[in-house]
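Notes follow once the structure below has been shown.
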Amino acid sequence: MIPYSHQDSPMSPQSFLSVVSKRSGLILIVFLLIVLTVALAVFIVPSTYRASAKVMINYQVAIEKEHLLHLWQIHDKSYFERLSSELVIFKMRSILEPVVAEMALAKPGRDSVEARVNYDRAIAQLAEKLKVEREKDTNVIMVSYEDRHAARAAAIVDRVVTEFIRQRPSLDRDSRSSEFFDEQIRRIQDQIDQAEKQGLAYRSREKVISPSQQTSILFESLSAFDHELSKVRAERIAHEASLKVFREQVDQEEELIIPSTAATNGLSQNDYYNLLKNTLLNLEVKRTALLQKYTERHPEVATLTAEIEATRRQIKSAQADIIRGEEAASQALQAQESSLMQRMNQVVASIADLSRQDYELGRITIGLVDLRAVHSMLIRQREEARIADSQKEYLVQVRLLEPALVPADPVKPNKPLYLSLAVLMGLLVAFGLAFFVEYFDHSVNTAQDAQDCLQMPILASIADFKMENYQRKKSSGDASASPTVHPGKA
C-alpha cells in the first residue's frame, strides 16, 4: 500500500468536479438504484385511505343547580377537561363490539375459542387504529380511521359515531336507585299480597264482605226498627188507655165516648155505634111524645119500648165489640212490639258479631294500610328517580357536525413526498459513496500524485490516447488528426 493520504490536501472545485467526473458511473448507478427502489416500493405498497368525522359534545348543567350554585359551564375549566373522558369512551368495548359484529371485521375461527380470540383481537385492532382527537380549545372531537378500502373506512367511522351517539347519553344514568326501589316495592307488594290473601280467606270463612259497610247498614236498620218500635209502642199505649176508659164507662153504665181521633175500630164501627145512639135517641123522643097522649100499654108505645130495648141491647153489643176490638188491637201491637224487639236484638247481636269479625280481620290484616302507604311512597320515589335519570340523558348533547365521507385520495403512501425524498437520498448517498470511495482510493493517477508519493521530480510524462479515434481520423484523410491525449496518467 502506498503511504499517501489526502487529508492535508484541500479540495478545490476542480478536484471536486474531477472526482464527480471520475465517479459519475458509480453516482448514476447508486442514484438510479435508490430512486427506482423507492419508486417501486411506493407503487407496490397498497394505498391507505383515511375517513374522518367531527362530533360536537355539549354538557348542560341542570337549571336548578345552575341558579342555586351560579354555575356557568362556558367559564368552567372542568367543562373542557371532561372532554378527555370522551376520547376513552369512543374506544370502549361496548361501542366497538357492535361495529366489529356489523362490519364483519373478525376472522371466523374453526371453534368457539378461536372465534372468540379472533373477535377480541379484531376489537383491539379497531381500538388501536381508531384515532380520536380533540380539536384545540374546542368541544369538537375528530374521529378518523385508516383502511385500505375507502368505503369501509368511511363506514367504520360512521358506525362508530352512530353507536357513540346512541350510547353516550345513557352512560350517565345510574340504575342502582331504580333497582333499589324495585326491590323494596317487590318486598312490600309481597307483604300486601300475603295480608290480602289472609283477609280474603277469613272473609270467605266467616262470610264477611265488608264489616264497616255491613255495620253501617245494620245501624241504619236498627234506627229504623227503633223508630217503628216507638211508633208501635205509642199506639199500644194509646189503645190500652182507650180500653181502660171504655171499661170504666161500661162498669159505670155510662155512655161510651169515642174520640174522633181513635181509628182502631175503624170508621164503620164508630159510625154504627153513633147511628145506634142516634136511633135510640129518636126512639126515646117518640116514646116520650106518645106517652103524653097514650099510656104505656098503648100498642105504639109498647112497640117503641120494645125497639128501645132492642136498640139498647145493640148498643151494649156494640160497646162490647168496641172493647174487644181495642183489646185485639192492643194485643196485636204488643205482639208487633215484641217482634220488633226481637229483631232489634238480632241486629244488635249482628252488630256485635260484625265488630268481632272486624277486629279479627283487622288483626289479620294489621299494617295493610301502612304497607299500601309505603308502597305508594316507594312508587312515587322510583318515578322521581327515573325522571332524574332520564333528565341526565339530556344533560349530554352529542351532535354530528361532519359525517364521514368516502375519501377520494389515499393518505398513504405520499408518492410525491416519497419520490422527492428518494431523489434527495439518492443524491446524498451517491455523492457520499463516490467521495468515500475516492477518499480510500490510494492509486496514483496523475503526475502530481506520483511526485507527492515518490518525493522526486518528474522529468517527463506520456500522454494517454485512444488508437481507435486516431486510426478513424487518419483513414478519413484528416491531416490534422493526432492522437487524443488524456492527461493524467504518468
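Laboratory data are not the source of any read-out in this text; all were calculated from the coordinates shown. These figures come from a predicted structure and were not determined experimentally. So basically every Cβ, Gly included, is an ideal-geometry build from the backbone, and we count neighbours across all protein chains shown.
Details
- Built amide H within the under 5 Å cut-off of Val140, gap 5+: Glu135
- Environment charge at Leu283 (Cβ cut-off 12 Å; Lys +1, Arg +1, Asp -1, Glu -1): 0
- Rounded if a/c under 1.5, otherwise prolate or oblate - segment 211-366, Cα gyration tensor axes: prolate
- Measuring between alpha carbons in the structure, the pairs from Lys54/Lys415; Lys231/Lys277; Lys54/Lys129; Lys131/Lys412 lying more than 21 angstrom apart are Lys54/Lys415; Lys231/Lys277.
- P(r) of segment 300-420 over all Cα-Cα pairs, binned every 10 Å from zero, in whole percent: 9, 10, 10, 9, 9, 8, 8, 7, 7, 6, 5, 4, 3, 2, 2, 1, 1, 0
- Ordered by the count of other Cβ atoms within 10 Å of each Cβ, fewest first, Ile185, Ile95, Ile44, Ile156 give Ile44, Ile185, Ile95, Ile156.
- Computed from phi, the 3J(HN,Hα) profile of segment 89-98 under the Karplus parametrisation 6.51, -1.76, 1.60 (θ = phi - 60°) reads 5, 4, 9, 5, 5, 5, 8, 7, 4, x Hz, with x in place of Gly and Pro.
- With the convex hull drawn over the C-alpha atoms of segment 137-252, the volume per residue is 290 Å³.
- Scalar couplings 3J(HN,Hα) for segment 140-153, obtained by applying the Karplus form with A = 6.51, B = -1.76, C = 1.60 to θ = phi - 60°, are 9, 10, 9, 10, 9, 8, 10, 8, 6, 10, 5, 5, 5, 4 Hz; x denotes Gly and Pro.
- Segment 348-357 - phi-based ³J(HN,Hα) in whole Hz, Karplus 6.51/-1.76/1.60, Gly and Pro as x: 4, 5, 5, 5, 5, 5, 5, 4, 5, 5
- Distant-in-sequence amide H partners of Tyr49 (H built 1.01 Å from N, under 5 Å): Asp147, Arg148, His149, Val411
- Ranked Glu228, Glu183, Glu326, Glu235, criterion: other C-beta atoms within 10 Å, fewest first: Glu183, Glu228, Glu235, Glu326
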